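> Sharing a structure, written as structure tokens. Questions coming.
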Amino acid sequence: MRALITGISGFVGSHLAEYMLSRKIEVAGTVRSGSPLQHIEHVQPDIRLYECDLTDAPAVEQTISAAQPDLIFHLAAQSFVPASWSAPMETIHNNVAGQIHLLEAIRKQGLACKVLIACSSEEYGQVEEHEVPIKETNPLRPLSPYAISKIAQNYLGYQYYRNYGIHTVCTRTFNHTGPRRGEQFVTSNFAKQIVEIERGWKPPVLFVGNLEAQRDFVDVRDVVRAYDLALDRCVPGEVYNVASGKGRTIREVLNTLLGLSAVSIEIQEDPARLRPSDVKALVGDYSKFHAVTGWQPEIPFEQTMKDLLNYWRVKLPQ
Ligand code: GDD
């Protein structure tokens, strides 16, 4: 079996590469020219890299033709929600065109492969209190250009399955975190600030955005296990929530991280971190995915937070 991971050098891509290698599956991946490779340095001798920008259709066709994958994990995307307000067209173009090029290359080459499309809980957007925990059948009320791009990716997967029989499976993954999480995302941002304060590099003031939003966090190592199972067992053309089923406010997340550090820290709201609109509560019901795959999250949230803090303690120079 050969797996191709788009965006392999990213946060989820690097963990998925490790996981697939541990399952003795051949791993290849796409990276954009100039992408930092530090997350995959340790597995680089065991994987094949293709330099490919997914917005470049001929480059995607060449990559698919050369890689001949049985499994494609399509992770590459602009994934930071606030960046989609500052550059909406870039997010939509990057995420939608990239996926169309990928699916078109598969269709034109008649490649018999399975495709996992990493979609998002952001697609649900405005969720009413009585709708939590959210099921896949919930109406989609997107609140950001990023959410729109993920809905498009989701329905493109459905359309290519219905029109051409390409085996696509979409996962709506709720917030995920763990070691190597990009520092712009909330858990990693707070963890990095704490370590910088521990080191005495910055005054003991931690900047935050909206602490009242509620999110459902899954460890990235549980997520990559879910992606593998999704292609192995899920029904093509269908969409599945990957979630923990537990809601936590961002304030609770912050308190968990603060509880893992000995320094005393003042909290300060930074208006630049507030969003034009913030999805209030995203907590998922993953029973549909569990019924087909038996998957459930295994790594407790507190462990994930410990591992994330320790990641920054090791990564930042002494
Ligand atoms: N980034 C950030 N920084 N978020 C903050 C901060 C801060 O300083 N303070 C509070 N927040 C709040 C945000 O307003 C949001 O409610 C929540 O923390 C989570 O923010 P992010 O970590 O940036 O993630 P996200 O929920 O916007 O999106 C992530 O999860 C999606 C799945 O639901 C991303 O990983 C998306 O790519 C993914 O699809």
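> Just one of E122, E136 is on the phi < 0 side of the Ramachandran plot, within 20 Å of the chain's Cα centre (by Cα) and in a loop (DSSP other than H, G, I, E, B); which is it?
The conditions single out E136.
> For segment 95-116, which residues satisfy the criterion of being surrounded by fewer than 20 Cβ atoms within 10 Å (Cβ to Cβ) and farther than 14 Å from F73 by Cβ?
Once the filter is applied, which keeps residues that are surrounded by fewer than 20 Cβ atoms within 10 Å (Cβ to Cβ) and farther than 14 Å from F73 by Cβ, segment 95-116 yields V96, A97, I100, E104, R107, K108, Q109, G110, L111, A112.
> I've got another one for you. Do we have any residue at all in segment 45-59 that's assigned to a helix (DSSP H, G or I), among the small types (G, A, S) and in contact (Cβ under 8 Å) with a residue 60 or more places away in the chain?
no
> Kindly indicate whether V263 is hydrophobic (A, V, I, L, M, F, W, C), loosely packed, with under 15 Cβ neighbours inside 10 Å and away from the ligand (no atom under 14 Å from the Cβ).
When the stated conditions are applied, V263 passes them.
> Here's a follow-up. Are any of the residues in segment 41-50 within 27 Å of I148 (Cβ to Cβ) and away from the ligand (no atom under 16 Å from the Cβ)?
no
> Specify the residue that is farthest from A118 (Cα to Cα); the eligible residues are those in segment 60-81 that are within 16 Å of the ligand (Cβ to nearest atom) and buried (at least 18 other Cβ atoms within 10 Å of the Cβ).
Out of the qualifying residues, it is V81.
> State the number of residues belonging to segment 232-268 that are of a type outside the set (V, I, T), assigned to a helix (DSSP H, G or I) and either over 21 Å from the mean Cα position of the chain (by Cα) or closer than 13 Å to F301 by Cα (or both).
Number satisfying all stated conditions: 6.
> Residues of segment 279-318 being within 16 Å of the ligand (Cβ to nearest atom), over 21 Å from W201 (Cβ atoms) and in contact with a Lys or Arg (Cβ under 6 Å, 6 or more places away or on another chain), which ones?
L282, D285
> Take V127 and decide whether it is in a loop (DSSP other than H, G, I, E, B) and either more than 10 Å from the ligand (Cβ to nearest atom) or not assigned by TED's automatic domain parsing to the domain that holds V27 (or both).
Answer is yes for this residue.
> Kindly indicate whether L211 is part of a strand (DSSP E or B), assigned by TED's automatic domain parsing to the domain that holds S264, closer than 24 Å to E266 by Cβ and within 12 Å of the ligand (Cβ to nearest atom).
no
> Next up: Could you look through segment 178-192, keep only residues that are outside any loop (DSSP other than H, G, I, E, B) and surrounded by fewer than 21 Cβ atoms within 10 Å (Cβ to Cβ), and pick out the one that is farthest from the ligand (Cβ to nearest atom)?
Filtering first and then ranking leaves K192.
> For segment 222-243, check the following and say yes or no: at least one residue is more than 10 Å from the ligand (Cβ to nearest atom) and more than 30 Å from R23 (Cα to Cα).
Looking through segment 222-243, none of the residues is more than 10 Å from the ligand (Cβ to nearest atom) and more than 30 Å from R23 (Cα to Cα).
> Quick test for you: out of N175, N154, pick the one residue that is buried (at least 20 other Cβ atoms within 10 Å of the Cβ), within 16 Å of the chain's Cα centre (by Cα) and either farther than 23 Å from I250 by Cβ or away from the ligand (no atom under 14 Å from the Cβ) (or both).
N154
> Looking at (1) of a type in the set (A, V, I, L, M, F, W, C); (2) within 16 Å of the ligand (Cβ to nearest atom); (3) under 21 Å from V27 (Cβ atoms), can you tell me which one C113 breaks?
Unmet condition: (2).
> Considering only residues that are of a type in the set (A, V, I, L, M), out of contact with any His (no Cβ under 7 Å at 6 or more places or on another chain) and closer than 17 Å to I72 by Cβ, which ones fall in segment 35-55?
I47, L49 - these are the residues of segment 35-55 that are of a type in the set (A, V, I, L, M), out of contact with any His (no Cβ under 7 Å at 6 or more places or on another chain) and closer than 17 Å to I72 by Cβ.
> Y227: part of a strand (DSSP E or B) and buried (at least 23 other Cβ atoms within 10 Å of the Cβ), yes or no?
Taking the combined requirement at face value, the residue does not satisfy it.
> Also, quick follow-up: Among the numbered criteria (1) without any contact (Cβ under 8 Å) to a residue 60 or more places away in the chain; (2) outside the structural domain of Q99 (by TED's automatic domain parsing); (3) in contact with a Ser or Thr (Cβ under 8 Å, 6 or more places away or on another chain), which one does I194 miss?
Against the list (1) without any contact (Cβ under 8 Å) to a residue 60 or more places away in the chain; (2) outside the structural domain of Q99 (by TED's automatic domain parsing); (3) in contact with a Ser or Thr (Cβ under 8 Å, 6 or more places away or on another chain), I194 comes up short only on (1).
The values are calculated or read from the model by the stated rules, or taken from the named source; none is laboratory data. Everything numeric in this text was worked out from a predicted model, so none of it was measured. Neighbour counts are summed over all protein chains in view; Cβ atoms, including those assigned to glycine, are modelled from backbone coordinates with ideal geometry.
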